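Computed from the coordinates by the stated procedures, all read-outs in this text should not be read as laboratory data. These numbers come from a predicted model, not from an experiment. Neighbour counts are summed over all protein chains in view; Cβ atoms, including those assigned to glycine, are modelled from backbone coordinates with ideal geometry.
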């Protein structure tokens, strides 16, 4: 297979590096309008192809798929052109700048019979997968609520809010775990440093099942925190991505409600048991993500992080942003 | 001075213990409708007075002040009677079950010329005082936002939400640090275990200065967290009350905005310097709180945690609760 | 049963408090040569007996057992007199100031048919018992080595080295876990603050099974550390007594040696699996220790922390001290 | 300048990478007897020279210096030949397999007027340098003792003990901080996995100043620990190299001895103040190390980590190993 990486700035080279290390990927072509960026990559990957002309990539019949790692505002048009040229498409997150564009893109890919994947890399990471298994098996019971914190100092984006920058990670993870998307969302935040660009936000969601999820997002925080707590009716779980060793901890802890009928007053029983930190695989998620895209190119089937996932994330981003601009007003998501 | 402790259940004995250890307090009388509770206290403090009759306390002319540690719903009537009897009054937090009652109580105390104090003990604790000094001296600069987490497993209250149970701590601390009270508040939460009694809540406030503050409150969490981060324009601070040693850490960290005029585009400079954990005094806050009440009895002047503080907390509790019941609708506080 | 607590300074009141709360203990008598100490205890335990005269305690036929919490140098003579008076004896750790005295005391108790217990409280603590179970069941495999750290700032003892002060804890724990006592010991240390009183020491032991154990002891350290690592052939374990929640962690981790015959060179395989923190009981060890003594008084049988345990600890203390005084020379223990 | 890297296995490529990024280094030649290793490097550094013939490197007059990263047993002969060929030499740690060889090498370099450096990289790392400054300025006072732990699971070396593998780091750091080398050393350890190759060792040193230092070294431990505590008469310091943020913490903590003359008994006063974590530079130590070697090539002067440093480390390794083989016997170092 021959894959083209489009956009070779900050993130593209990581995608190129992983593609170059996968045997099934026989050829990699790097494309960027900035020739200097290509020169730098040429030193690392002398066998790759290089071009500043996206049209050449699309007209090259040997190119099977296109991996788009440009700025968000260009995702839609570049991806649409690729599909129109018969290419399979992988586009970085967030998928598009609007839900409407995302829907158009999904329809175009479906009509053309081309695979469409979105780069929600966390869905391929060992802790996220392990936690999904725990939830699926019912180990945590019914999920009462989830609270996630994703904060540190920097880097302020110049065009999008902290929500568009950081929430795609948590949205994709949460929707995957919950197997549902939120019906209501609230966001409150502040633009502390640059007027018009919120750099701290508190986002709350409610899912159709009743589960609530909360995000704390900030580019302006004393310490890097990447902590998600899941409170279930049977067990509780903490996922701390800054930990080197015990990234996932499962607490055999909970409170059970006993029916008040017989006692006149309800009774609660608290339980506190063992804590267990499962061993996690140690592969690089990006590698598996790229392998998954190659598989989608080969089979025409996307198994994870497809267009619908990308769309659901963009819908929630739009809704959260709307709430933020309207002083935390509750926004319903269809 | 002669002080009566009214309500000798869970908390009252702590107040009695501290009063007994203050030399200026010559006599302590313990009052509770449950004689068994008094019997238990009699073993510990054989020299104290004991009575099940509140009216006897009020009619005893030697009693200078009354310390009320009963359930919230009884605070108002007990305190009003005490003031009517010419006693100085200390009432546990939250001060009353409604802002209206709080205002009536404040007016009554003022008219009677009696001291009225509320048991916001954290205002007397070494880390809270140290942080207030830092803020006052301008060490942190302008406060961008504050985020606090107060969660652990249990204890579910049977009559009030997690907001009325836990937020009084954070409200009193935040208002003291900020030297202002919020003008807007939002609260979203869920009653996971007992229908009608929210046990997890996400509360956001906006102060007139523009500062935002966020609380995460829960009786249903895998680990005990008591962490407050303050993000200022000059420095950032973390107050972790579960730490034994480094409860307060100051991060010489920040991001500065440079005017974009000359560059065409704004510039941000990030700064990351030393981390400093100041030594804190190690006294028991409750002891200092009781000494402060005795001083208020002696002088007729309340220097900290008076009626107005108690009222501001109750106002915010009411507003947060109203928001919670209205799906996170923004509530303005006058 | 009627128990007398002899020595009511720092530790004795804790023993008296626990004895007072055990129903089987019908009467407690407190004995100290300092009447002021007794006066303070009288306030807390008005129903207890009080005397400054040890001989009266011994001549009181109703006294079944004596709990000795005086300074080490007096343990031997007080305990011998108690046994001579037909009392069962509990003596605080370290049992005596010399192994010779310990042996004499054991022989006297045996001859008199009286129970002799030593206050190695850690042997009754939930984490130590849980770890002993793990080792007994073979979960850790063969124990390669154990490394323990017990350091913090203060309190310098005025008459004994840091070894006599702190090592009794670790010695009693280690010997209980290993079910053997060391055959060789080394100790190196320094008297940093007070000449002649070593305040930091590094102690290494070798057990007949080949297991090595290492202690780091200090009154002069920046942070309080109470950490013991056990490295077994099957699993590894960390016991951190400063942790509130996860005091014991078991690491499914190890390295296996494969016979080199077939490969020409030996092969090692490393394994890293789950981490598990078992729930621990939460009772007060001192309470269980006192209950155990009462049981020993009742039945005449000591089930844990008897004279032989106390003797083995004193033997190792003597040997370690001898090594320390001889620049780390290896001392054999018979 | 033209530098040759000799030995391109595990570590050599890191040295080559850093040399390639230093502008003053105009040419890098990679040398290894294994052509496959060179092939791999050729992809990364296509402009470098490559050879399997060490003699060619030495006979190439354009080569100014040789960086030796082969196995320890070959250091001496390769370095001697390089000096005989007039090259400046950088040799990885430990410098040689014996102190005698180290002395011969130092003499040869001195006679030939060539720079000789040893790869004790930690001496160029920001935390080690910052701590040295603290000690030099007297901030910690007189150093009472230092305790270091360097343990984790793996990697077992097949030819040397854990002492020769891990202690070079701590020896070089300690000798640099103390500005002296130990006069006495003890080592006790065990070969738990492979007979004849100790994989856990407890090493204690005494310096002429009286300071004691202690190392805990192991390839067989449940968690990675890289913690060094320095206890001074004025302050205490903890250096934890596994921490991302607060690698160095200074505790304003100590105990002061007051002369007993006037009181009859000595008095100790304990002090516990602020904790301070200084900001550290974030450069890569290896880069600075290589720059330092290039400077030594240019000027003929070695400013840090020269032959004498390498020799002092090898002397202590030899002495520690001798103690280990003699059951912890104290070994004097001249």
- Message: If you consider only alpha-carbon coordinates, what radius of gyration and Dmax does segment D:4-70 have, in Å?
- Response: 10.6, 28
- Message: With a 10 Å cut-off between alpha carbons and a GNM built on chain B, which of B:221, B:213, B:79 moves the most?
- Response: B:221
- Query: What ranking do A:81, D:247 get, fewest neighbouring Cβ atoms within 10 angstrom at the top?
  - Reply: A:81, D:247
- Ratio of segment B:176-244's C-alpha Rg to 2.2 N^0.38 Å, to two decimals? 1.32
- Query: Between copies, how far does the label point of residue D:34 sit from its twins, in nm, shortest first, when each point is 7 Å from Cα along Cα→Cβ?
  - Reply: 3.8, 7.0, 7.5
- Task: Could you give log10 I(q)/I(0) at q = 0.15, 0.19 Å⁻¹ for segment A:157-301, computed by the Debye formula over C-alpha point scatterers of equal weight, without solvent?
- Result: -1.05, -1.29
- Just from its helices, what would the mean residue ellipticity at 222 nm be for chain A, if runs of 4 or more DSSP H residues each count -39500 (n - 2.57) and the sum is divided by every residue, rounded to the nearest 500 deg cm²/dmol? -10500 deg cm²/dmol
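For segment B:106-194, what Kirkwood radius comes out of the mean inverse Cα-Cα distance, in Å? Walk me through the numbers before you get to the answer.
Details: mean 1/r = 0.0626 Å⁻¹.
Hydrodynamic radius (Kirkwood, Cα only) of segment B:106-194 equals 16.0 Å.
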- Query: If contacts are Cα pairs under 8 angstrom and at least 6 residues apart, what is the relative contact order of segment D:1-105 in percent?
  - Reply: 27 percent
- Grab the residue from chain D whose Cβ hugs the D-to-B rotation axis most tightly, plus its distance in whole angstrom. D:276, 3
- Would you mind listing how long segment C:168-214 runs along its three principal axes, going by Cα atoms, in whole Å with the largest first? 37, 18, 12
- Could you give log10 I(q)/I(0) at q = 0.29 Å⁻¹ for segment D:274-334, computed by the Debye formula over C-alpha point scatterers of equal weight, without solvent? -1.16
- Hey, fewest Cβ within 10 Å first, where do C:50, D:90 land in order? C:50, D:90
- Quick one: work out the % antiparallel among DSSP beta bridges in the protein assembly as shown, nearest 5. 60 percent
- Pick from B:320, B:109, B:35: which is most flexible by mean-square fluctuation in a GNM of chain B where alpha carbon atoms under 10 Å apart are linked? B:35
- Message: Please list log₁₀ I(q)/I(0) at q = 0.07, 0.09 Å⁻¹ for chain B, using the Debye equation with identical point scatterers on the alpha-carbon positions.
- Response: -0.32, -0.52
- Item | Kirkwood Rh in Å, taken over all unlike Cα pairs in segment D:44-142 | 15.4 Å
- Based on DSSP, what percent of beta bridges with both residues in chain D are antiparallel, to the nearest 5? 60 percent
- For label points placed 7 Å from Cα toward Cβ, what is the shortest-first list of nm distances from residue D:47 to its copies? 2.4, 8.7, 9.0
- Using the alpha-carbon atoms, what tilt in degrees (0 to 90, nearest 10) does helix D:99-112 show relative to the longest principal axis of chain D? 60 degrees
- Can you tell me the relative contact order of chain D? Whole percent, Cα pairs under 8 Å, sequence separation 6 or more. 19 percent
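Arranged by the count of other C-beta atoms within 10 angstrom, fewest first, what order do B:266, D:124, B:251 take? Numbers along the way, then the final one.
Details: B:266 16, D:124 21, B:251 25.
Neighbour counts put them in this order, fewest first: B:266, D:124, B:251.
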- Query: Using only Cα atoms, what Kirkwood radius does the protein assembly as shown have, in angstroms?
  - Reply: 35.8 Å
- Taking the label point as lying 7 angstrom from Cα along the Cα-to-Cβ axis, what are the distances from residue D:299 to the corresponding position in the remaining copies, in ascending order and in nanometres? 6.3, 6.5, 7.8
